Each structure stands twice: as structure tokens, then as C-alpha cells.
1. Need one number: % antiparallel among DSSP beta bridges in the range 120-279, to the nearest 5.
2. At 0.36 nm per residue, and after removing the present C-alpha to C-alpha distance, how many nm does the segment from Ala305 to Lys71 gain when stretched out fully?
3. How big is the charge dipole of the range 120-199 about its Cα centre, in debye rounded to the nearest 20, if each Lys and Arg gets +1 on its Cβ and each Asp and Glu gets -1 on its Cβ?
4. In Å, what is the Rg of the alpha-carbon atoms in the range 218-356, and how long is Dmax?
5. Could you give the length gained by full extension between Ala474 and Arg248, i.e. 0.36 nm per residue of separation minus their alpha carbon distance, to one decimal place?
6. Note down the magnitude of the dipole of the range 158-261 about its Cα centre, charges +1 on Lys and Arg C-beta and -1 on Asp and Glu C-beta and zero elsewhere, to the nearest 20 debye.
7. Can you give the Kirkwood hydrodynamic radius of the range 122-168 from its Cα pairs, in Å with one decimal?
8. Using per-residue counts of other Cβ atoms within 10 Å, averaged over each peptide, order 221-227, 322-328 from highest down.
Amino acid sequence: MAKYHRTLIHRTLIHRTLISPHPGGTPMAEKLNTGSHDLPISDALAEFMRDGWAGTRADVAPLPVAAYAAKRRARLAERLPGERLVIPSGTLRARSNDDDHRFRTHSAFAYLTGGQQPDDVLVIEPSGEARLFLRPRPSRAESQEFYRDRRYGEFWVGRRFDLAEAEAAYQIECAHIDTLPAALSGPARVLRGVDAAVDALVSPAGDDRDAELAAVLSELRLVKDEWEIAELQQAVDATARGFEDVVRALPAALSHPRGERYVEGVFGLRSRLEGNAVGYQSIVASGAHACVLHWIRNDGRLDPAELLLLDAGVEGDNLYTADVTRTLPLSGRFSPVQRQVYELVYEAQTAAIAVLRPGARFREFHETAMRVISDGLREWGVLTRAQADAGLHRRYTLCSSGHMLGLDVHDCARARAETYLDGVLEEGQVLTVEPGLYLQPDDLTLPPELRGIGVRIEDDLVITADGARLMSAALPRRPDEVESWMAALSG
């Protein structure tokens, strides 16, 4: 227990110091999470700050997700009955000195509560009852945190719920985070690696029971409920508008020495206007940069003779993200060789989408896409039949052709293979289909005209009762439709 208190104190009192009494013997006020450049606080100012504040209790309505989150917690308790389950939200991380990264709650915590505050901890008791432990808004008369604490103070980072407001919003019994150690006096499973203080409280680390909790939390998210699908559709729709913004901005981006970064900024603006942020680091890859699967430097020029591969997604306010890729001719029209590569990827994606249905093996759509790619490379003379039969097409298309999508861009990643990669598709699952060809600029197995071309087409789909619905249908895929769309937006 003492180890937990030491860890918690270290976490919550970063840069906190107690100022020694001044020579006159009157104690100075406590200094909380302050920087070296902060002005000192006199006793007189501390006393003046204590009173004269209007009451600000908010009339808080339940979060729209609260009813769905309650059902999810119930399903989790059913999967691991009679167990105490501990799921932290995560902690703040310093970006530089006393400047924190913008907080993004752990996806499992968001799924089970809808909460997005640091240092919260959800505990599901063996009875199935849930309690949310959090840092509530303190009384201004009793605490100096609101104006002195850079990390948590209301004047510095904004207002947070008191306990009553939190209970109204989350529809969960709420308790002060300081009471968490007493609540975890018995055995428990914990989602590890999210909050070191909570990990220290629930031991032993690395227990197989904790790994099973992480797997179950991922597996519960494999099938989306109606609220989640609506959130994902909103993110996809905002992403389509972001791609339109980019096409309209291409003339300015083409003239800028860092055109890739210009495009990144244009899409990022849409993401912040319509959601929380981008769901992952945008890939803005022009020319041969498109052959780098995760190109996020985004510092290159745009050349009208080349293609632009844009892989980007808006993350909505409730943290569900889209994941879409389009490969665009920067001149507005594909050259013959660019169209040749693009059409092969398009054919592979179309074939892959056609096999999506409940009961299909998850791996089937990737295998279908790769057969099209392999056959195309053989027809081009890049591979012999023997090489194609041996699977050597992977030299030119290394990665998988899709993944689950949701709160994480690569959602449900800790699900066990038998339920995900080796499982079958179910109605309500949301996934990407994204075959690509990445023809490296220094690859001597390719004819010179193909080198340095990278193409990926990625769409988001939800599995329906009899197939799949293309959620990102607002963005064209066929090459002639891409050209017409670009012309209409730039005209």
C-alpha cells in the first residue's frame, strides 16, 4: 500500500515543493505543479483568493454514450464473472519541461465509460457493480489548486466535474481517487501499462490474468453497436470533407517548398474543426515518398508530374476514427503508367470488397486482393509464374490489406488470433480494405518507368447482414471518377 502512495504522490505532485516558512515564522502557501518562472504567492494573496467566488455547479446531463457504456461493462463482467477488474484512463505525459501532450484517454476506458480525463480509474467489482474513481473539482475555499496547479488547476487547464456532476454525466457511482487504495485491497485484474501507479497497487505484474483482461477488452470491441457505427460514420464523413479541402488547396500546396506539410495542415484543420484531432499521424507522401509505408515526415515538395498518396482520418469528439487513403494525380490526370499501377490496385481492392460478408474468414479479403496483385505483376512481366506462385509479390506490397477500425485506428489489436485474424467476419464489424503497390525507386527488378510509384486505395466498411456497406463512398475510387472529382473541386 505504501508503494502505491509513493507512486501516486510522485505522479500527482510533479514539480511540487513546499516553501519553507519565511524568517518571520508565518508559513508560506504550498506551491503546486508550478514552473520556475512562476511568481511567488504571498499569504495575503492566498487569503484573498480563498473567498468571493460564485457557485458554479453545472446541470449535467448524461453523456449520450452512457447507456451503451453500461451495457458494455455488463458484458465485460459476464466474460470475467466474480472478478474485480481495474481499467485506468491513463496519465498526462510531459512533452517538454512543464508542457504536457494533449491528453488522449485509453481506448478501453473510453469504451466502458465515455470519459476523457487523466488519472481516472474504473473498477468493476466481483458483483458486477462499477465505480469510477476520479480527481474531482476541489473547493476553492479549501484548496489552492484552482489557481496554483499548472497541471490540474481550473485556471490553467479548465474546469472538471465535481463528484455529483461526474455521476450525472457517466451514470456511474463516483468516488475520490484518494480512496482507490482502500477499494483495491483484494485480488484484481488490471489493464497494465496504462497507469504506473495503478500497476503498482495491483500485483503481481505480468500476470496471465491481466493479459486475458486486455484480450477480452479488445474482443468486446470487435463488433460495434449502433452508437459506435454512427460515430464512425461521422468521422468518415468529416474525413471526406477533409480530402475535398486538400484538393481545393493543391494549387497553393504545389507552389510551397513544403507542399506535403501544407496538405497535412489543411487536413489537420478539418480534423480539429469537426473532431478531436487526426486519428493518427497523417501520411502525406508525394512521388517516391509514397513507397514508404508510414511516411509522416511530410516535408517534401509536390511535383505536378507525380502522385500524392494521402492516408488520413478524422478522430471524432468521442474518439472514433476514420482511416482513408486516396492516391491523387497532382496534375489532375493520371499519366498512362500511373493509371496502369492505380488500376491494378483498384481491381485488387474491388475484388477484396466483394468477398466481405458475415461468415467469411477475416483473412479472405487480403488473400483475394493479393491474388489480383500477383496476377497483375505477372502479366506486366515483373514476376514469372514460379515467382508469383512462391508469393514473391510481397516484395512490392509488404503489408496486410486491412484491419479492424474503431476507437483505435488499428482497433482490437490485443484480441486473440482465433477471434480476429483467424476468425470470421460478423455483422457490425468495421474494417478497412487497403491494398497497395509500393514500387521502390531503387528496385532494379522493375522497369525504369515503374520505379518510384506508390499507390494505396483505402476505404472503411461496415459488415451488414448480407455483405458490407462502403462508409467512405463519398470519395471516388475509379481513376476516371477521381479525375472528374478533382476537376470539379478545382474549377
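1. Details: 4 of 8 bridges.
Taking every DSSP beta bridge within the range 120-279, about 50 percent pair in antiparallel fashion.
2. Details: separation 234, 0.36 × 234 = 84.24 nm, distance 5.31 nm.
Additional length available on full extension: 78.9 nm.
3. Numbers: 11 positive and 14 negative charges, 69 e Å.
Here the range 120-199 has a charge dipole of around 340 debye.
4. Both quantities, over Cα of the range 218-356: 15.9, 48 Å.
5. Values: separation 226, 0.36 × 226 = 81.36 nm, distance 1.60 nm.
That pair, Ala474 and Arg248, stretches by 79.8 nm at full extension.
6. Details: 11 positive and 20 negative charges, 120 e Å.
Magnitude of the dipole: close to 580 debye.
7. On the way: mean 1/r = 0.0828 Å⁻¹.
Result for the range 122-168, one decimal place: 12.1 Å.
8. Details: 221-227: 17.6, 322-328: 26.3.
Order by mean packing, descending: 322-328, 221-227.
The values are calculated or read from the model by the stated rules, or taken from the named source; none is laboratory data. Computed from a predicted model, the values in this text were never measured in an experiment. In this analysis, Cβ positions are derived from the backbone assuming ideal geometry, glycine residues included, and neighbour counts consider all displayed protein chains. Please note that ligands, DNA and RNA were not included when accessible areas were found on the heavy atoms of the full protein model with its side chains. Shrake-Rupley method; radii C 1.70, N 1.55, O 1.52, S 1.80 Å.
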